[in-house]
């Protein structure tokens, strides 16, 4: 199997904007279900889009083996750009895809949702947390990922579990966030939900920054000056690395860093960039259930295909979005858009990968039984520490001082 560097992969993606994914040597028929997959495999979110694509690669094998569904995936790169995403969505639809999965970023996904609704093509969102996406009255748009407020609420309740178990309660916190669509949605919800849940800490600093920034020294300096005992970041990947490096450089005296539902600190590139300094930071976000029967099958297939990587949120939720489309197609026994849409709306999948109850959608197209997990980076891997029934290790809190010094 040919291996590409991150740069090579991104360059290749730019020149192959809409090519089918290859399905483990299994050919698809001309009557196969065609699923468009929109992801940011180039641009500033390229690493995260590539993690999503791994979930799709595994889905080609696992879902065909388990469900017997004849399908193909037609991939297009959004280039981390709203206008490009819309153009690629239009192109996929013109090429005859029967449904679309994507598109990771909330801003791009919001725009693609309008395109799919206009053409009456089902869209199953793999990751995107901005609440307005499922508040527009769309008929063909479904999201199998928590909204920002859902992520925040789940995260804060997990923090309560941690504080209670350890008997340690931080009194002050700082919230730092990217100022894109997703980050602003998180900012709007954090203050309100912190107060609603009667958290033990007060937010003493809220700081936004450009997701393409190359320097967070000023922002981290403000957090240090505030004396916050806990940092809650809403980051992407590159800025998460910048933030932790700056926390270490400025020697902040904190109990920990716990994100309230964002990517970044559990990504493979995060561990590569920070080595042993990647340990102890915690991500409270939507995650896969390591105890679920289907997860075991997916983990086995993922390890065989990507032996140097690990399954995480981006890949798990992309797999699950494709699972939803294939399940709907099998039940509807039709590729016709309205039939697929109606079948997705009545989804009820009990054996699935991600944490939560059966996959079911409410009348707005929002998945309603999702849960979050708390993953602490231990031995340079994201490790589930809550909920207790899914626990893989005991959490460490406050973090060892040498990590934040």
Seminar exercise, completed: Of the candidates 185, 225, the one satisfying the condition of being in a helix (DSSP H, G or I) and in contact with a helix residue (DSSP H, G or I) (Cβ under 7 Å, 6 or more places away or on another chain) is 185
Exercise. Out of (1) touching a residue at least 60 places away in the same chain (Cβ under 8 Å); (2) over 13 Å from residue 126 (Cα atoms); (3) touching a strand residue (DSSP E or B) at 6+ places or on another chain (Cβ under 8 Å), what's the single condition that is false for residue 330?
Worked result: (3)
For this session: Having 2 or more residues that are within 23 Å of residue 303 (Cα to Cα) is the bar; report the helices (runs of 4 or more DSSP H) wholly within the stretch 24-122 that clear it.
Result: 46-67
For this session: For residue 168, state whether it is surrounded by fewer than 19 Cβ atoms within 10 Å (Cβ to Cβ), assigned by TED's automatic domain parsing to the domain that holds residue 255 and touching a helix residue (DSSP H, G or I) at 6+ places or on another chain (Cβ under 7 Å).
Result: no
Seminar exercise, completed: Subset of the stretch 282-298, residues under 16 Å from the mean Cα position of the chain (by Cα) and part of a loop (DSSP other than H, G, I, E, B), comes to 287, 289
Seminar exercise, completed: Looking across the stretch 241-256 at residues that are closer than 19 Å to residue 271 by Cβ and touching a helix residue (DSSP H, G or I) at 6+ places or on another chain (Cβ under 7 Å), the single one that is surrounded by the fewest Cβ atoms within 10 Å (Cβ to Cβ) is 248
Exercise. For residue 275, which of the numbered conditions (1) touching a residue at least 60 places away in the same chain (Cβ under 8 Å); (2) in contact with a helix residue (DSSP H, G or I) (Cβ under 9 Å, 6 or more places away or on another chain) fails to hold?
Worked result: (2)
For this session: Name, by its number, the condition in (1) modelled with pLDDT under 95; (2) under 20 Å from the mean Cα position of the chain (by Cα); (3) closer than 20 Å to residue 314 by Cβ that does not hold for residue 132.
Result: (3)
Seminar exercise, completed: For residue 206, the lone unmet condition from (1) under 25 Å from the mean Cα position of the chain (by Cα); (2) part of a helix (DSSP H, G or I) is (2)
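The values are calculated or read from the model by the stated rules, or taken from the named source; none is laboratory data. Just so it is clear, the structure is predicted and the values come from calculations on it, not from any experiment. Heads up, the Cβs are rebuilt from the backbone with ideal geometry, glycines too, and the neighbour counts pull from every protein chain shown.
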